[in-house]
Structures are given as C-alpha cells and as structure tokens.
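Q: A single structure is presented below for examination.
Derivation of every value follows stated rules applied to the coordinates shown; laboratory data play no part. Here the structure is a predicted model, which is why all the values come from computation and not from measurement. Please note: Cβ atoms are built from the backbone with ideal geometry, for glycine as well, and neighbour counts cover all protein chains shown.
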C-alpha cells in the first residue's frame, strides 16, 4: 500500500537504529503517547533495535486504557436495556467494567453491534426508528471529528432516537499531567501523529517550552517511529526542548481547520478521569449545550453511576514509567490479560499486557 | 485512537448533501466521508480514520522524507566503503535462522 | 409423490405453499418428508439417502485396504451471512469436515449432514445451500449419505446451522504423529493466509468493503495425498480455521512441547487481504482460513513436499514460513519485517476491528 509500505524497510530501520546508537551518550526515557504507536512498536519489535540507553515508556494512549471505569459501567447499563441498539468500536467490547463487559451484555441478549465508523451508527438509527441507537464515542482528538459530524447528521435528519455516550480525551493535558506527576521519568514525548493531523501542532510548542521536554510529532510505521525517536534523542543530547514535526506528510502546523470548527461547535471541554492517572482538568470533551439532547448519559439517567478502580492496581505508576510491570505485586497473579485489573493490562497495547506476552522471551 | 490508513481518492460524490468519496486502499474500496477535506480531488491520497478523511497526504513531504532516508543508506555505504569493509547483507531465505539487520 | 421441477431460486413446487421454513418442517411428518425429498435428496442425489433408512449402511471392508484405518470427524458451521464472496455455509460444511479428515491423512468416504433451520428461512436459500453442498461433495469425491433436519423458532437460529460428520480412510503406512516433531523441522503453509475471514468481513454489516477477496474454501485431501507421497514422514498437518495460523501454530507448539519460529516476510498474504487488515486493524495471522493447511515436515523432506504442493492448484502458493526450534518451548516467536522478534500469543476470543 502506497504511503505505508515504503516506511517498513528493514535495512533503513537498521541504519536509523545505528544512527541513534551513535547519537546517544546517556540514558533517556521517551514516551509515545498514542496506542497505535505502542502497537506498532510492540508488533514490529522496534524497541529491540534501540540501544539499551533509550527506553520507551508506553503512554496512556489507547481508548481502552484511558476510558474511565464508570464510563464502561454506564455503557453496560445502557446496552443492557431492551429498547437499545448499542454501537461501539471493536476495541471496547472486551474492556471490563465493574461487572462484565459488552461481550457479556451481548451474550445476555443485549443488542450490541461493532461498527467501523460513527456513520454506521447513524445509519442504524435511520433504519431502526423504533429503537434507541446509542454510540459509544471514545478516542482522542483523531476520532472526535467523526463523532461530531455523526451528531450533526443525526440532528439534520431529525433522528431523535440517536444518542452518544461521549468519552473523548485530549493529548496535551495528558502530557502536562504526566510531566507534573511526581516520580515521572519521561524525558521526551512522541506526540500522536494522527491526533495532530486534526489539531495541528500549535498546542505543543508552548507545552514543550513550559514543561522543558522535547515533543516530536511522530507517525506509526517503523521508519516513522525511528525517525521520531532519533529526533527526540538528538534534542535531548543537545539539551533542546522544542516541538518538532517528524510526520510532515500527514501533519501541518494548523491541522484540519474544518474539523476543528465542527469539534468546537459540537463539543465542550470537561474534566475527565483517566484510568490509572486520575482526573485531569479540561482533558476531555463532552457534548456542548447546543447538542445536549443527544447525550446518552442524560437520556438514560446513568450520570450518577460512579465506580472505583481496583485497589491492587498500580497502572498509574506504570503509565508514568515510575515502575515496571513486573514490579507490581499483582502482575501475573491477580492481574493477567484474561483477568485484567486496570488500564495497562486490559488492552494488548497496555504496557503490562505487552510485558506479559513478550517479556517471556526478553526477560 | 489513531489507526488511520492512506487511500487513493477515486471519485467524489456530493449528491447526498455530504461530500463522499470512493477511496481505494491497496485494492480495497470503501466509501469515505470527505467533508473535512473540501479541497481534496480525485487522484489525491487521503488519510482515513473511522470512515472519515482527516488529512491529505503531502506527496512532496513524503518524497522528501524518503529521499533523506535513502541518503542515509548511501551515506552509510559510503562510510563503509571508505573503511574498506564488506557489507554484511541479510539472508533472505526463510529456512535460515533469524539474522540481524545489516548495520 | 409428485416429481417437482425447481428452477433456480423460485419457490419449488410442492413447497409452493411454504416459501419459508415453518416449524412443521421439523416435525417429522409430511412437511419434513417434503423438505427432505425435494431439497436434500434432490440436491445430494445418493442411493443411500433415497433408501430412507434410519442409518446408512456401508460396505467398509471394500473401502478399507489391509493396514488401513478409519478416521472420523465432525464439524459444526455457524456463519453469518450464509452466502459470502467465494462460497456459502454449504461449502464450509463439506470442505470443513473433509479437511479435518485430510489432516489425519484420510481420504474422505462419506459425510452426514444435520441441519438446524430457523423458522422463516427462505426455502430458496436452503436450496442454494444444499446445492452448494452437493457441488462441494462432488468436487471432493465424497458422498452425503445421511442427514437430519430440525427447526427452531424464529429468532433462535442464524438461518441455518449445519453439522457434518465424516468418515474417511487413512491409507496403510500413513501415520501422522505429532510426537515426532523435533527441532529443525520446517513449517510450511499451503498458500495465502486470511482470505476466508476477510471475505466474511467484507460483507459483514457495518464493516463491509468492496474487494476481490473471496473465501478459499476447498477440499485438501488431494493435496495431502501428494504431500505424503513426497514425504511419508510428515509430522503434523493442521488447518488454520478459527484463530488463524496463530492459533494453529500455538496449538502445535503446546502439543509437541517445542518452540516455533516464523519469519514475517515469508508469510504469504494477498495484497487486498493485507490492505483490508490494515484498514480494520486486524492481524492476518489471526484471520480464519478454510482451504489452507500448515504442515510440519522433516527438514530433509521440505523441498520435495513444497515441489509436490506447488504442482496442484490448492498448493500453488505453498511456502516455508519457519521452523521448529528447541528454544522457548511452547512459544511461537516471529521474526518481524524489521529484524526484531516478538511472541505470537494464542488468540483470546474473536479478533475484532480496532480504531487504536
């Protein structure tokens, strides 16, 4: 596939890794924010090509990891209702709430459907006027434009049976929270490339300056990631802490302005609880007052469902790089990929899940 | 939240009121919403996430990066030649044990 | 009884009053008799079925050479939608069991077919399924000799569930025994991976896309026979259905207590299948196949087996994808395209499209 395959060349990957090896003089810890980047690093084994001094810390970047437990519980409550047709991305179906997951709701008779796009949920609302069609709108800024347009479309067509359970989250506040958190070991960030395709890079320059960390906007293919890591290492070695765009074919400084405009119309900032990190102010989006009628939390009266994370779970410390998965007492015992306690074990991208599978051969 | 894939815009259709395109991803064709890329045209590559095009691929930037990466290779080969070393290539046969990539 | 003439998918005469399956069709009475006669017996057209006994009686002695053994297998098929690019539940029902038998080195003799029909299923669809099964059975050289039909209420079935059981003959001298697997053995794949699962995905509601991807459902016993002729000491054969090659390889590694290493660059995947997997965030190694096999063969026999496979259509794209190793027992490890290694874990549950 064009614009993908070219960035998987093994020889070039080796040369970039060699370049990084030449640059590095002391240990550095770099966090990639996006779950898609974590997936690519693990799937391709990119971290194995890096010199020992460069440590990749897997950030809280996948919707599975960051969606608060109470949002899952609210989703489960709504999906279990007989008049509801519940639509979700595939990622979310196995995420455990306090009691079960969407798969189990489906097994118990709930109408839960995997969709590829929020537009599929709108189509279902159009086709099933007698059902309440609810879409679980999760994801970073990359996905928000899609959710936003889905809601606008529902309004334009008068689809009163459509609603969304919204849990969008934002990258810049998360980066700030991680850097301010005591015990953090992160020296530099790889910002999420596709998030920046939407939002541009403007938010990150002041962040890099204020937090004094290099922030390199990075893509997802092996060569993209190695280029981004190399740029971060170069900055760290030179004592710089700037925003850099290492993904120019997909990211511009201004980003996608039509998308930003629709987001501003449909969503409004809100404080969001992140699994393993806690509440980060202004780190999420909810439906704006103008679009409140499409809010599933209000429509189904589930806003007061509040739940607590497992007391054993230390994923917050793992997310910051403060501890390694194996240092958590529950790792491999109470907490495994089949019986996950927290964010970092739930998703296959989570640091604990990755360590569980791949640590067996790399110690 | 970031699985987005580049595809070739083959045709654009605005008849429904929403700007939609037929996009070809290496032989797989899907309808994609182009509402967020009002200037994209047939023949352009778009980056598509959950059925929406979110960015147009900047082909010039792509070429520039690939050129830089290729030069990295030439630079390495040049250095190796100067050192008089023989490049150790990868054995591509699947029946051989796994080897390390060439330095 | 009247001798009907069905044309294509139009409502078959004597069933003209019942264009859809009704509960009575499973009741064992006249309606069942009509359904069996005009749909199943007509499609499968076998003297054993026509005799309408409660069991099919076979002259096994004639089929079983001295030193030969019988193999028995069963498989149930639940697929949605019933018809997909490249085939239908009918093809899967026949080829699935034929291939289960083939993995033991058996030539299939006969199949039985049990149907659980959902009230409301269009009879025309059932005719199409039966005809697909008949065609697949003819192509595989196997007879469908016994069957059963039940009907469940609307909403309690996905149209039709088919269970087939098969009996086959393992020729004398063939003993495929995973106990013989040892480090140094080569892992072969008979062709491209992921075609069937992505063909299903391409017509699944909410995920549909246009492509040239078609299911790869075919019978493999001819391929297996050619492979065994080239190398009688083949250690193991496995068809990577649910869970894909990842599940099959993990099962083999666990069963034999060995490590398996595969090379990502060797794994054959058709470009549109690879593209569809990219879009949905799926790994081709975890996607189901219906007309492929994985083989563990001694290293000295690998070249001959590959040559034999490539002479047949079902093995045209056969390739070595890795080998058995002493290291990391019971783990499957992949050398990635950029030269690193990662574990290929046993899949947990169904692989779902992702956005992350």
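Q: Can you tell me, using C-alpha contacts under 8 Å and at least 6 residues apart, the relative contact order of chain C as a whole percent?
A: Details: 797 pairs, mean separation 71.2, N = 356.
It rounds to 20 percent for chain C.
Q: Enter the angle in degrees (range 0 to 90, nearest 10) between the Cα long axis of helix C:244-256 and the first principal axis of the Cα atoms of chain C, meaning the one along which they spread out most.
A: 70
Q: Using R₀ = 45 Å, calculate the FRET efficiency as 1/(1 + (r/R₀)^6) where r is the Cβ-Cβ separation of residue A:160 and residue C:304; round to 0.05. It would help to have the intermediate numbers written out before the result.
A: Details: r = 68 Å, r/R0 = 1.52.
After rounding, the FRET efficiency stands at 0.10.
Q: Quick check: from the Cα gyration tensor, does the stretch C:38-180 come out rounded (a/c under 1.5), prolate or oblate? Numbers along the way, then the final one.
A: Working: a/c = 2.31, a/b = 1.63, b/c = 1.41.
Note, shape of the stretch C:38-180 comes out prolate.
Q: Any idea what log10 I(q)/I(0) is at q = 0.13 Å⁻¹ for chain A, Debye with uniform C-alpha scatterers and no solvent?
A: Evaluating at q = 0.13 Å⁻¹ gives log10 I(q)/I(0) of -1.03.
Q: Same structure, new question: Which FRET efficiency value, to the nearest 0.05, is calculated for residue A:253 and residue C:78 with the Förster distance at 51 angstrom and r the Cβ-Cβ distance?
A: So, using R0 = 51 Å, E works out to roughly 0.45.
Q: Let me ask something else about it. Among A:227, A:266, A:24, determine the one that fluctuates most according to a GNM of chain A built with springs between C-alpha atoms less than 10 Å apart.
A: Checking each option, the largest mean-square fluctuation is seen for A:24.
Q: Compute the whole-percent fraction of alpha carbon pairs in the stretch A:315-362 spaced more than 19 Å apart.
A: Result: 9 percent of Cα pairs exceed 19 Å.
Q: Kindly work out what percent of the DSSP beta bridges joining two residues of chain A are antiparallel, to the nearest 5.
A: That works out to approximately 20 percent antiparallel.
Q: So what is the relative contact order of the stretch A:315-362, in percent, for Cα pairs below 8 Å that sit 6 or more residues apart?
A: Numbers: 43 pairs, mean separation 14.6, N = 48.
Over the stretch A:315-362, the number comes to 30 percent.
Q: Residues of the stretch A:255-280 with the amide nitrogen closer than 20 Å to a label point 7 Å from the Cα of residue B:67, along Cα-to-Cβ, please.
A: Correct set: none at all.
Q: Helix C:89-102 against the longest principal axis of chain C: what's the angle in degrees, Cα atoms only, rounded to the nearest 10?
A: 50
Q: Let me ask something additional. Per 0.36 nm of contour for each residue apart, how much would the distance between residue C:242 and residue C:313 grow if the chain were fully extended, relative to their Cα-Cα spacing?
A: Once the chain is fully extended between residue C:242 and residue C:313, it gains 23.3 nm.
Q: What is the distance in Å between the Cα centroid of the stretch A:193-254 and that of the stretch C:14-80?
A: Between the Cα centres of the stretch A:193-254 and the stretch C:14-80 lies a distance of 65 Å.
Q: Which of the peptides A:101-110, A:32-41 is most tightly packed, and how do the rest follow, judged by the mean count of other Cβ atoms within 10 Å per residue?
A: A:32-41, A:101-110
Q: For residue A:180, project a label point 7 Å along Cα to C-beta. Then give me every residue of the stretch A:269-307 with its amide nitrogen under 19 Å of that point.
A: Within reach of a label on residue A:180, which here means backbone N under 19 Å from a point 7 Å along Cα→Cβ, the stretch A:269-307 contributes A:269-285.
Q: Give the value in nm², to one decimal: projected area of the alpha carbon convex hull of the stretch A:226-271, averaged over all directions.
A: Taking a quarter of the hull surface, the average projection is 5.1 nm².
Q: Quick check on the stretch C:268-356: take the gyration tensor over C-alpha atoms, sort the square-rooted eigenvalues as a ≥ b ≥ c, and tell me if it's rounded (a/c under 1.5), prolate or oblate.
A: Oblate is the answer for the stretch C:268-356, as a/c is 1.5 or above yet b/c matches or exceeds a/b.
Q: On to the next question. Using helices alone, I'd like the mean residue ellipticity at 222 nm for chain C: each DSSP H run of four-plus residues gives -39500 (n - 2.57), total over residue count, nearest 500.
A: Rounded to the nearest 500, it is -8000 deg cm²/dmol.
Q: Is the C-alpha gyration tensor of the protein assembly as shown telling us rounded, prolate or oblate? Criteria: a/c under 1.5 is rounded; beyond that, a/b larger than b/c is prolate, otherwise oblate.
A: oblate
Q: What would the Debye formula give as log10 I(q)/I(0) at q = 0.21, 0.22, 0.25 Å⁻¹ for the alpha-carbon point model of the stretch A:109-169, no solvent?
A: -0.77, -0.84, -1.06
Q: Relative to the first principal axis of the alpha-carbon coordinates of chain A, what is the inclination of helix A:144-156, with its axis defined by its Cα atoms, in degrees from 0 to 90 and to the nearest 10?
A: 20
Q: Pop the C-beta distance of residue A:240 and residue A:308 into the FRET formula with R0 = 30 Å and round what comes out to the nearest 0.05.
A: For R0 = 30 Å, the calculated efficiency reads 0.10.
Q: Send over the semi-axes of the stretch C:100-211's equivalent ellipsoid, whole angstrom and largest first, taken as the square roots of 5 times the C-alpha gyration tensor eigenvalues.
A: 32, 23, 13
Q: In percent, what relative contact order does the stretch A:63-154 have, based on Cα pairs under 8 Å that are 6 or more apart in sequence? Spell out each step's value before the answer.
A: Numbers: 126 pairs, mean separation 28.0, N = 92.
Averaging sequence separation for qualifying contacts and normalising by length gives 30 percent for the stretch A:63-154.
Q: Only bridges with both residues in the protein assembly as shown count here: give the DSSP antiparallel percent, nearest 5.
A: 60
Q: Give the whole-number value, in cubic angstrom per residue, of the convex hull volume spanned by the C-alpha atoms of the stretch A:11-99.
A: Here the figure is 109 Å³ per residue.
Q: When each pair of different Cα atoms in the stretch A:151-251 is counted once in the 1/r mean, what is the Kirkwood radius in angstroms, to one decimal?
A: 15.2
Q: Within 10 Å, count the other beta carbons around each residue, average over each peptide in C:71-77, A:274-280, and list them highest first.
A: A:274-280, C:71-77
Q: Shielding by partners for C:339-352, please: the mean number of other protein chain Cβ atoms within 10 Å of each residue's Cβ.
A: What the average comes to for C:339-352 is 6.
Q: Rounded to the nearest 5, what % of DSSP beta bridges with both residues in the stretch C:23-170 are antiparallel?
A: Roughly 70 percent of the beta bridges in the stretch C:23-170 run antiparallel, per DSSP.
Q: For the stretch B:5-57, divide the Cα radius of gyration by the Kirkwood radius and give the resulting Rg/Rh value with two decimals.
A: Using only Cα positions, Rg/Rh for the stretch B:5-57 is 0.90.
Q: Using just the helices of chain A, give the 222 nm mean residue ellipticity in deg cm²/dmol: DSSP H runs with n ≥ 4 each add -39,500 (n - 2.57), and the total is spread over all residues, rounded to 500.
A: Here the helix-only value at 222 nm equals -11500 deg cm²/dmol.
Q: Then there is this: Mean projection of the alpha-carbon convex hull of the stretch C:178-343 over all orientations, in nm²?
A: With the hull built on Cα positions only, its mean projection is 9.3 nm².
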